[in-house]
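Taking it in order: structure first as structure tokens, then the write-up.
The values are calculated or read from the model by the stated rules, or taken from the named source; none is laboratory data. All values derive from a computational prediction rather than experimental measurement. A quick note on method: Cβ atoms are made from the backbone with ideal geometry, for glycine too, and the neighbour counts reach across all protein chains shown. To get the accessible areas, we keep the full protein, side chains included, count just its heavy atoms, and leave off ligands, DNA and RNA. Shrake-Rupley method; radii C 1.70, N 1.55, O 1.52, S 1.80 Å.
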Amino acid sequence: MYILGISCFYHDSSAALLKDGTIVAAAEEERFTRKKHDTSFPINAVKYCLQSQNITIKDISYIGFYEKPFLKFERVLSQHIELFPYSFKTFVSSMPSWINEKLRVPKIIKKKLSYTGDVLFIEHHLAHAASSFLVSPFKKAAILTTDGVGEWTTTSYGLGEGTEIHLMKEIRFPSSLGLLYSTITAYLGFTVNNSEYKVMGLSPYGTMDREKNPYYQKLTKIIDVKDDGSYRFDMDYFTYHYADRMPSKKLCRLLDGPIRNPESEITQRHKDIAAALQMLLEDTLTKILNHVYEVTRCPNLVIAGGVALNCVYNGKILSKTKFKEVWIQPNASDGGTSIGAASYIYHTILGNPRNYQQKTAYLGPEFTDDEISYFLNKNKIKYTEFRDEKDLIAKTARLIFENNVVGWFQGRMEWGPRALGARSILSNPCNLNMQEILNLKVKHRECYDDKTQILTKNGWKLFKDLTKNEAVATLNPETNELVYQQIEQKTEYKYSGKMVYFKNKRINLLVTPEHNIWAKKITNHSDSIYKNQFEFEKAINLVSRENVQIKAIKRWKGQEKKYFLLPRINRKKYSHLWQLHKIRMDIWLEFLGYYISEGCFCYDKGHHNIYVAQSLKSKHYEKIKKCLNKIYHWGYNSGSFKLSNKQLFEYLKQFGKAKDKFIPQELLGVSERQLKILFEALMRGDGTYRSKQYKYTTVSKKLADNVQELGLKLGYSVTTSKEVSNNPNHNDVYYVRLNKGSKTSYIRKNQSSLIYYRGKVYCVTVPKYNLLCVKRDEKIVFSGNSFRPFAPVVCEDDASKYFECDTPIPEATDFMLMVYPVKEKWRAKIPAVTHVDGSGRLQTVRRFQNKLYHDVIKEFGKLSGIPILINTSFNIRGEPIVCTPYDAYKCMMGTGIDYLAIGKFLVKREDNQNDLWDSEIYAKD
Amino acid sequence: MKMDTLKKIFTGFKNGIKNFGNIITILINTVLLAFVYFVGVGVSSIFAKLSRKKLLELKLSKQAPTYWSDLGLKKKPLEDYYRQF
Ligand SMILES: [Fe+2]
């Protein structure tokens, strides 16, 4: 008997197929559609499930759906009624999807799958409970489910025994631990339903002391937890029950500040909030679990629901509660409920005995060596073949040991959010630099083309000319201030393929498709949570969409300089001259502004003359006169001021003719007030001011650069255009336009495109707020990148040597669901996978689960002395984990993965510098 | 060359019509939904408030002994699972 489970329209849609109680296939839709967290009907996942068993939809006896849609709709309506009229916006944006799909599930299933059989609807938390209990190793177990929200339930507990599940008690919406976590995730500037793990990862950086962390006490104000673990929220602190999942103003006040701008600096306050949240969650869960134990008196525990992905707490369950054993569904969040719905039908409703335990997560598609070699050959991909498995293991281990980054594509794809050794990227944890290498090579291919320039302390520079210790201009998005930071690392590599090109009057940017653009979307997407915030968005996602981009900065904190020291000249020869030396900086900047705009020098029969042109009628005449009075005596003749001074002459000589003019870099580092003096003087010269916009005209490329930098530092939005002269005797003219009005500029739909590029690409990393100030074709923008941690994998029999884990090691550790401390003596040896608090989110692997993976780790241990690898998911950041050989190859070529061990073949990146992004030629087979 | 321009104009026209259609759909939807919201949901809300019926628990209740409420989800007859509620 085949039973199909389906979960969709909310978070991660998925499908799972049960054959006589055994899960034979399960996958999430995102892996096929390549849309992360895809919520659409899992048509591809269903197709895969059927194909894997060579059956058709007619062979399916029941389809199980993971929730009761009408019950959920009742809850949604209740929200709208209770919170009328505040919920109007969400009502309008969410109702169409209810009318079109969520309330028409049987019809949609029938239509999409041509299915005419029975569809059963399982309560959401029951599906969660079943997904964990019915496939667990336990005959009897206490059950806890905690997620965002199902129909009404947000937390429930009960007891499973044999094939029966009894969920006894619940906490009802709107109080929800899952939604609390998401709200704080949003508050901390991360994306909801995606980056909760980042908050968990941030928590050890905060104060983990309940007395000393001020936010712990504050957060206890919004939640009342009884001794039995039951809890309720004061909803004044939230808005998710009537609006999107943003924190309320009251919560912002409680937490001493506004919502963090994504990618702005994470301060100690943010870390403390993350720590406080984690402690509050742990305390509440511990109370709940102790209560559940008292009620059920059962030593075994299974948990499910999104909160069960909090592996930091999972690792503490057995030590903090009375439970002796714990099991967790590897796909603990909503994706896993398709397994739950199907198992519940087979075992509980139909009463079939349990005969299956989920020991691995390898339930997805697999590809035979024939299929893989067909793909490789067809696309003329160069590869070598391993002699046998032993060769595969030995060679792969050696490649990793030699610090190569290896894409590992073997067997069936993983079920659930983690890569567990079927679609993984493996690398050497003993290498001190591996974290940085991985971040740069694999996860952050965010590069600019070779014509892009970056603003450094020494002015604008091409990336290729950047030196190792260069300080580059970055934007602090919280304060909109320009801050110089020393670069940590610069990478450059050859690239050939598609790049994203943004071009209009104010923006000109050519970047790799995964490049992060600091942008704000204008188009209203009902599914977008942040509509009014700037956030990083991958360039490829912005093609043909309307958006805005940040442009200007607010303040510049330079150094106030009191005096300018004019270099003295040879005393012997000119001993009769009184030498100017200390000149008040304010005066000097003003003078220099006039000189650079209007001045020139001329040696005339022993006279060292300096001229500053200005007609008597000019409205600036008096001002310039006043300034010159403070510098040196002057004369006025035929439209020009004239100063004769050898010392000034010698200094000003360096500025040459009009086309060579520039502003000395050290003068661009003075305070904002002083820069303004310089700026105004320049504008009185060659500038015009019309309709709130300055326009500065110059024939000097260098000076145009300097004026741009000056403008940026003074908070202007800067654009530059160039008028190319047809006459070779004339210079090109640059027009720098500066205005304070618009701080952002728009890219319209038709102003972005994919173009082909072959050449070098570059990027740099800086310690914080990775918003670099770059320009291309004189158009200046801010754009940048960001980072994330890595996890270790170790064979189960070695785990307790390196980690302080529970004994016996819970099977949930095989699914990367537990965090345990790295043993003190090993921490320094495997820095890339050791968290700041000394813990690691490890995966244990047993040989029967994945022989090749297990043996590669062991073999690596023989070479390095430490049988641990870095295991990170095989994907480009922001994309789902790879599924097919095509995805894997594309990912390798689009990142810096050095080798790909795919089936019994080895592909070397360097051998295959093909035009990867011309993906049509690699179309899926 | 001419064919190309014609084609461009045609697809442009088609896209224009399509976008126009989308905008109209969104407009009509919004108007209808606004009507349903302010009449349907609004009236229900007034009734709920008059009858002091609380649909959501929005406030803490410090003196309550527990916030657990009975769920009692157990195996039910097969027919029950055909229902979407
Ligand atoms: Fe859920």
Worksheet item: Any residue in segment A:47-66 that is closer than 16 Å to A:LEU103 by Cα and either out of contact with any strand residue (DSSP E or B) (no Cβ under 6 Å at 6 or more places or on another chain) or in a helix (DSSP H, G or I) (or both)?
Response: no
Practice prompt. Mind listing whichever residues of segment A:279-306 are over 29 Å from the mean Cα position of the chain (by Cα), in a loop (DSSP other than H, G, I, E, B) and closer than 21 Å to A:MET818 by Cα?
Written response: A:PRO299
Practice prompt. Tell me which residues, restricted to segment A:100-138, are free of Cβ contacts under 8 Å to residues at least 40 places away in the same chain and away from chain B (no Cβ under 11 Å).
Written response: A:LYS107, A:LYS110, A:LYS111, A:THR116
Practice prompt. Restricting attention to segment B:27-45, report how many residues are open to solvent by 100 Å² or more (accessible area, probe 1.4 Å) and facing chain A (nearest Cβ under 9 Å).
Written response: 1
Worksheet item: Among the residues of segment A:112-141, which ones are over 30 Å from A:VAL326 (Cβ atoms) and within 37 Å of the chain's Cα centre (by Cα)?
Response: A:LYS112, A:LEU113
Worksheet item: Would you say A:SER13 is within 16 Å of the ligand (Cβ to nearest atom), touching a residue at least 40 places away in the same chain (Cβ under 8 Å) and polar (S, T, N, Q)?
Response: yes
Fill in: Given (1) touching a residue at least 40 places away in the same chain (Cβ under 8 Å); (2) open to solvent by less than 50 Å² (accessible area, probe 1.4 Å); (3) away from the ligand (no atom under 16 Å from the Cβ); (4) not β-branched (Val, Ile, Thr), index of the condition A:TYR86 fails
(2)
Worksheet item: Tell me, which residue of segment A:599-633 that is farther than 20 Å from A:MET585 by Cβ and touching a residue at least 40 places away in the same chain (Cβ under 8 Å) is most open to solvent (accessible area, probe 1.4 Å)?
Response: A:TYR603
Item to complete: Specify which of the listed residues (B:LYS62, B:LYS49, B:LYS76) is surrounded by 10 or more Cβ atoms within 10 Å (Cβ to Cβ) and outside any helix (DSSP H, G or I).
Response: B:LYS76
Worksheet item: Has segment A:245-266 got at least one residue that is touching a residue at least 60 places away in the same chain (Cβ under 8 Å), within 16 Å of the ligand (Cβ to nearest atom) and touching a helix residue (DSSP H, G or I) at 6+ places or on another chain (Cβ under 7 Å)?
Response: yes
Discussion item. Regarding segment A:73-82, can at least one residue be identified that is away from chain B (no Cβ under 14 Å), away from the ligand (no atom under 16 Å from the Cβ) and open to solvent by 10 Å² or more (accessible area, probe 1.4 Å)?
Written reply: no
Discussion item. Quick check on A:LYS36: is it within 33 Å of the chain's Cα centre (by Cα), within 14 Å of chain B (Cβ to nearest Cβ) and away from the ligand (no atom under 16 Å from the Cβ)?
Written reply: no
Practice prompt. Look through segment A:173-228, keep the residues that are within 16 Å of the ligand (Cβ to nearest atom) and among the small types (Gly, Ala, Ser), and return whichever of them is farthest from A:VAL295 (Cα to Cα).
Written response: A:SER182
Item to complete: Have a look at A:HIS270, A:HIS241 and point out the one that is open to solvent by less than 20 Å² (accessible area, probe 1.4 Å), within 15 Å of A:SER175 (Cα to Cα) and not assigned by TED's automatic domain parsing to the domain that holds A:LEU482.
Response: A:HIS241
Discussion item. Would you confirm whether or not segment A:322-335 contains a residue that is within 12 Å of the ligand (Cβ to nearest atom), within 19 Å of A:HIS124 (Cα to Cα) and of a type in the set (A, V, I, L, M)?
Written reply: yes
Practice prompt. Please state which one of A:LYS47, A:LYS36 is in contact with a Pro (Cβ under 6 Å, 6 or more places away or on another chain) and open to solvent by 40 Å² or more (accessible area, probe 1.4 Å).
Written response: A:LYS36
Worksheet item: What number of residues within segment A:791-842 are part of a loop (DSSP other than H, G, I, E, B) and open to solvent by 40 Å² or more (accessible area, probe 1.4 Å)?
Response: 10
Fill in: Pick from segment A:115-149, criterion open to solvent by 10 Å² or more (accessible area, probe 1.4 Å) and part of a strand (DSSP E or B), ranking: nearest to the ligand (Cβ to nearest atom)
A:VAL119
Fill in: segment A:89-98, residues that are open to solvent by less than 40 Å² (accessible area, probe 1.4 Å) and more than 8 Å from chain B (Cβ to nearest Cβ)
A:THR90, A:SER94, A:SER97, A:TRP98
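Per-residue answers, yes or no, for (1) in contact (Cβ under 8 Å) with a residue 40 or more places away in the chain; (2) closer than 21 Å to A:TYR10 by Cα:
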residue: A:ASP59; (1), (2): yes, no
residue: A:PRO69; (1), (2): yes, yes
residue: A:LYS72; (1), (2): yes, yes
residue: A:ARG75; (1), (2): yes, yes
residue: A:ILE81; (1), (2): no, no
Discussion item. Here is a check on your reading of the model: is A:LEU675 out of contact with any Cys (no Cβ under 6 Å at 6 or more places or on another chain), open to solvent by less than 30 Å² (accessible area, probe 1.4 Å) and assigned to a strand (DSSP E or B)?
Written reply: no
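A quick yes/no check of all residues on (1) open to solvent by 20 Å² or more (accessible area, probe 1.4 Å); (2) assigned by TED's automatic domain parsing to the domain that holds A:VAL764; (3) modelled with pLDDT of 80 or more:
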site	(1), (2), (3)
A:THR456	no, yes, yes
A:LYS461	yes, yes, yes
A:ASP465	yes, yes, yes
A:ALA473	no, yes, yes
A:PRO477	no, yes, no
A:GLN489	yes, yes, no
A:LYS494	yes, yes, no
A:ARG506	yes, yes, no
Item to complete: Kindly indicate whether any position in segment A:233-244 is touching a Pro at 6+ places or on another chain (Cβ under 8 Å), among the β-branched types (Val, Ile, Thr) and more than 14 Å from chain B (Cβ to nearest Cβ).
Response: no
Worksheet item: Among the residues of segment A:286-307 satisfying the criterion of being within 16 Å of the ligand (Cβ to nearest atom) and under 17 Å from A:LEU167 (Cα atoms), which is surrounded by the fewest Cβ atoms within 10 Å (Cβ to Cβ)?
Response: A:VAL302
Worksheet, complete the sentence: The correct count of residues that are surrounded by fewer than 24 Cβ atoms within 10 Å (Cβ to Cβ) and within 16 Å of the ligand (Cβ to nearest atom) in segment A:150-164 is 2
Practice prompt. Go through the residues of segment A:50-64 one by one and say whether even a single one is at the interface with chain B (Cβ under 9 Å from one of its Cβ atoms), buried (at least 17 other Cβ atoms within 10 Å of the Cβ) and aliphatic (A, V, I, L, M).
Written response: no
Item to complete: With respect to A:ILE6, determine if the residue is among the β-branched types (Val, Ile, Thr) and more than 16 Å from the ligand (Cβ to nearest atom).
Response: no
